Amino acid sequence: MAGRDGDFKLIRAARLIDGSGAPPIERGAVLLEGGRIRASGPEETVAPPEGARVKEFSYDSHTALPGLIDSHVHLIGIGDGRAGDELTTLPDEVLTLQAARNARAHLYSGVTTVRDCGAKNRTTLELRQAVQMGITVAPRLVLAGRPIAIIGGHLSYFGIQATGPTECVAAVRQLVKENVDFIKITASGGSTRTSVRGRPSFDVDELTAIVNEAHKLGRHAAAHCTDSQSIANAVEAGIDTVIHGRYAEPDGSHKYRPELTERIVERGVFVNPTLHQARERVWQLERKAESEMLSEDEQDLIDQFYQGWESAAAFWGRMKDEGVKLVAGSDASWQHYKLGGTSFQDEITAHVDIGMTPMEAIVSATSDAARSCWIDDEVGSIEPGKKADLLVVEGDPSHDIRALTSVTDVFMDGERVDRGNLV
């Protein structure tokens with residue numbers, strides 16, 4: 001049966017990457033019906049219904065692939081170097097506007113879904129309402145709302161602070177009442193000044209209460225973990241995604257824990273390693289050094305990064321080789337790391353730099369990221385029935401991952417995004 005005028009779009013490209021990890025399809029095509037994918041494959045096998053009016057897009061030297069999924073953002077961040085402790089002092093109205101600006105920038109860069117891992121009060125939830133009303137545009141929003149923290153713990157300044165299993169369960173219920181999509185837990189200290197770096201925060205019984213209640217109410221849970229014990233605690237509690245996740249001892253040293261890796265793999269836990277954030281700051285300082293003298297602290301930061309990068313890359317490469325599913329998530333805009341531009345593509349490139357093939361890195365930012373976010377029934381791959389979110393880039397990212405930065409077009413819900421629209 002023929003669709004209404006404009007219901008069908010046929011996208012042809014030199015190659016099609018479906019997000020599953022399968023080799024690219026040369027001379028591929030995708031047929032969109034409304035906001036869904038109707039068919040995909042070699043172009044000779046993909047045709048609209050007889051008599052239908054179709055809008056066609058041809059990309060002779062390009063690759064079409066699923067829209068990218070950044071599984072870790074902070075939309076209210078500014079990325080100008082200020083700490084979260086200062087960010088939270090800004091009015092909610094300002095932060096909501098900043099979230100809208102960041103969301104639009106990421107969408108225009110090819111990111112069609114973001115998982116926001118913690119914001120102040122209802123700022124990101126208000127952004128979603130504005131998107132639904134047509135006031136602004138954004139990628140698909142998977143929102144945690146306020147993170148759950150211990151008293152004084154990481155992100156406690158805009159989180160729900162809870163002590164003991166009963167308060168932890170109540171916090172989950174409150175967040176679900178506020179219509180969040182998942183639960184973010186700060187299971188260890190972090191950059192928050194009142195938190196204790198490199199130490200676990202919640203006990204296992206508290207984490208278990210949070211995760212069990214989240215699962216009971218149909219939400220997944222992700223935990224910020226910056227030390228080995230917090231990772232072990234979160235995995236024991238049944239966490240779905242570990243964020244950061246590099247093994248660190250109480251004295252700050254790094255020691256690979258093969259038994260912990262084995263447990264992560266056995267339980268099917270995703271790990272979002274946030275590989276590029278520190279490197280982004282180093283790149284900024286190296287550009288600054290081309291025109292002015294760096295401070296001693298700035299030069300020390302560069303030196304420390306390069307002293308540790310090789311061992312860090314080997315660490316993540318070993319986790320990957322031993323079966324851990326690493327999913328791409330930038331952690332922007334946080335500290336000096338801005339959303340939009342090539343920020344997420346730089347994160348994906350970092351996955352190649354630790355030993356992934358370009359196709360594995362693409363999967364980490366599409367179908368595996370969707371699984372981590374519990375949305376793989378809707379997005380993450382080019383399959384009939386899924387949402388019509390696509391990215392078109394010049395070149396072949398399955399051979400050169402940097403081709404992901406050469407964005408030509410972005411489609412979301414079957415519509416080509418007007419990337420020149422700043423309203």
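Which residue fluctuates the most in the chain, going by a Gaussian network model with Cα springs under 10 Å, if the choices are K177, K320, K386? Maximum fluctuation in the GNM of the chain, among the listed residues, is at K177.
At 222 nm, what value in deg cm²/dmol follows for the chain if DSSP H runs of at least 4 each add -39500 (n - 2.57) and the sum is divided by all its residues, to the nearest 500? Rounded to the nearest 500, the figure is -10000 deg cm²/dmol.
What is the calculated FRET efficiency for E292 to N421, with r their C-beta to C-beta distance and R₀ = 30 Å, to the nearest 0.05? Calculated transfer efficiency: 0.25. Using the Cβ-Cβ distance between R318 and D251 with R0 = 22 Å, the FRET efficiency computed as 1/(1 + (r/R0)^6) comes to roughly 0.55.
Placing pseudo-labels 7 Å out from each Cα toward the beta carbon at Q284 and D413 gives an inter-label distance of 3.3 nm.
How tilted is helix 343-353 with respect to the longest principal axis of the chain? Cα atoms for both, answer in degrees (0 to 90, nearest 10). The angle comes out at about 80 degrees.
Residue-wise HN-Hα couplings along the range 324-341, as the Karplus relation 6.51 cos²θ - 1.76 cosθ + 1.60 with θ = phi - 60° gives them from phi, are 6, 7, 8, 10, 7, x, 7, 6, 8, 7, 9, 6, 9, 9, 8, 7, x, x Hz; Gly and Pro carry x. Each peptide in 298-304, 106-112 receives the mean, over its residues, of other Cβ atoms within 10 Å, and ordering these scores from highest gives 106-112, 298-304.
Full extension of the chain between R27 and D60 gives 11.0 nm of extra length, using 0.36 nm per residue less the Cα-Cα distance. Listing H62, H72, H154 from fewest to most neighbouring C-beta atoms within 10 Å gives H62, H154, H72. Of the labelled figures (i) 34.6; (ii) 25.8; (iii) 20.8, only one reflects mean projected area of the Cα convex hull in nm² as derived from the coordinates, namely (iii). Residues V30, V73, ranked from the fewest to the most other C-beta atoms within 10 Å, line up as V30, V73. Taking label points 7 Å from Cα along the Cα-to-Cβ direction, E262 and D80 give a separation of 5.1 nm. When only the Cβ of Lys, Arg, Asp and Glu is charged (+1, +1, -1, -1), the dipole of the chain relative to its Cα centre reaches about 980 debye. Length gained on full extension, E310 to E236: 23.7 nm, using 0.36 nm per residue less the C-alpha separation.
Between the amide H of I160 and those of I148, A149, distances stay under 5 Å, these residues lying 5 or more places away or on another chain, with hydrogens modeled in the peptide plane.
Taking amide hydrogens as placed 1.01 Å from N in the peptide plane, the amide H of N272 sits under 5 Å from those of V242, I243, H244, V327, each at least 5 positions away in sequence or on another chain. The residue list G190, L125, I135 was ranked by how far each Cα lies along the charge dipole of the range 68-341 toward its positive end, using unit charges on Cβ atoms, and I135 comes out on top. Ranked by how many other Cβ atoms sit within 10 Å of their own Cβ, fewest first, the residues Y256, Y337, Y306 fall in the order Y306, Y256, Y337. Across the range 162-173, rounded Karplus estimates of 3J(HN,Hα) from the backbone phi angles (6.51 cos²θ - 1.76 cosθ + 1.60, θ = phi - 60°) give 9, 9, x, x, 5, 5, 5, 5, 4, 5, 4, 4 Hz, Gly and Pro being marked x.
Rounded to the nearest Hz, the phi-derived 3J(HN,Hα) couplings of the range 118-123 under the Karplus curve 6.51 cos²θ - 1.76 cosθ + 1.60 (θ = phi - 60°) are x, 8, 7, 6, 9, 4, where x marks glycine and proline.
Quick note: the coordinates plus some simple rules give every number you see, no bench work behind them. These figures come from a predicted structure and were not determined experimentally. Backbone-built Cβ (ideal geometry, glycine too); neighbour counts: all protein chains shown.
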